[in-house]
């Protein structure tokens, strides 16, 4: 934040004809305003939905609308315009010139928030890599902004923000350096994960749309003090804690970054490693804000991202309809009846603790599957399967014979299925 105080931002949601029908423009604008509010260096001076019957290649909006918005921004002393959607480099340059202030599209804003939130070494590197990839496609800002003041990339404000063409070679050199650093960090995480696999505790991963209440639920279940705010992307780096279930069984609970619709492609790739905990999970808790008017659309976005990450359908999932305390009367009763019909749906309130005992029992039931013993011979050449069995901690006995390893394993039906698919 500069000494002059926060930057006054104006949020625009372009309501494109092609986008209509999936989500309401007004709710999309509200989400964009929440994104802007997640940055401490910004204050939202105003927001509006702009109907766009036809996209103008040079300006995005029509000339009359551009002039009308210019007058509004001057009156509001706006220093930054946030456009909730993609803006081409040419459109960005033209609009910045016309309006006399900086402009940021949805991808740039999300990158800025991630930069402000990242705390772990891996998180910082992942965001920087994503930002460089974004910068390279735009060629309107200098890559040196990444050697920035703490928090943010200088897209929003700060020193050295004149619009100059980025030096591609410099960006590429920086990308190579970052990838090397990231490889080291990822190797370290892989070692930690390998060590965890040897401890036979199942991993339960919390996933969900951003601001669904995952961190509040995580805190309620573990007694941890993870940043839990009514704010988009309050959690960025994965956090893990041990939890003892009522059955006495210990599990590892993992809180992850919130998903969001139209997540920038650079970030889906960059945060794949951060979401590896979900790929390794024995059980996924899909936390939904059931009080949100677009909870169904949000849930569809989460499922889409899980599929794109390669999360196996074999991994069991429980749906946690959170924030039930915010739903009243008949609407609440109807939701509770609907949830009761589904074997894998639970209603809860992370804030009040309501529904938590039932959730912990459901987790126990999912994880306490019957284990059966099997004996078989594994050829010496099948090292991958052997390594997997040892990682899972299911090997009871192993003897090297002439024709391969004679193994006795004790596993669940799900583990057997996963083994067969290797």
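Taking the number of Cβ atoms within 10 Å of each Cβ as an exposure proxy, the fewest-first ranking of 292, 286, 390, 13 is 390, 292, 286, 13. Computed on the Cα atoms alone, the convex hull of the stretch 271-422 gives a volume of 131 cubic angstrom per residue. Across all Cα atoms of the stretch 338-422, the radius of gyration (one decimal) and Dmax (whole number) stand at 18.8, 61 Å.
With the Kirkwood sum run over all distinct C-alpha pairs, the stretch 374-422 has a hydrodynamic radius of 10.9 Å. Counting every other Cβ atom within 10 Å of each residue's Cβ, 249, 288 order from fewest to most as 249, 288.
Roughly speaking, what is the stretch gain from residue 330 to residue 351, that is 0.36 nm per residue apart minus the C-alpha to C-alpha distance, in nm to one decimal? List each step's numbers first, then the result.
Details: separation 21, 0.36 × 21 = 7.56 nm, distance 2.13 nm.
That pair, residue 330 and residue 351, stretches by 5.4 nm at full extension.
The orientation-averaged projected area of the convex hull spanned by the Cα atoms of the stretch 7-107 comes to 5.8 nm².
Kindly rank 350-362, 211-223 from highest to lowest mean number of other beta carbons found within 10 Å of each residue. Spell out each step's value before the answer.
Working: 350-362: 16.4, 211-223: 22.2.
Ranked from most to least packed, the peptides come out as 211-223, 350-362.
Any read-out appearing in this document is the output of simple, stated calculations on the displayed coordinates, not a laboratory observation. Just so it is clear, the model here is predicted, and its values are computed rather than measured. Neighbour counts run over all protein chains shown; Cβ positions are idealised from the backbone, glycine included.
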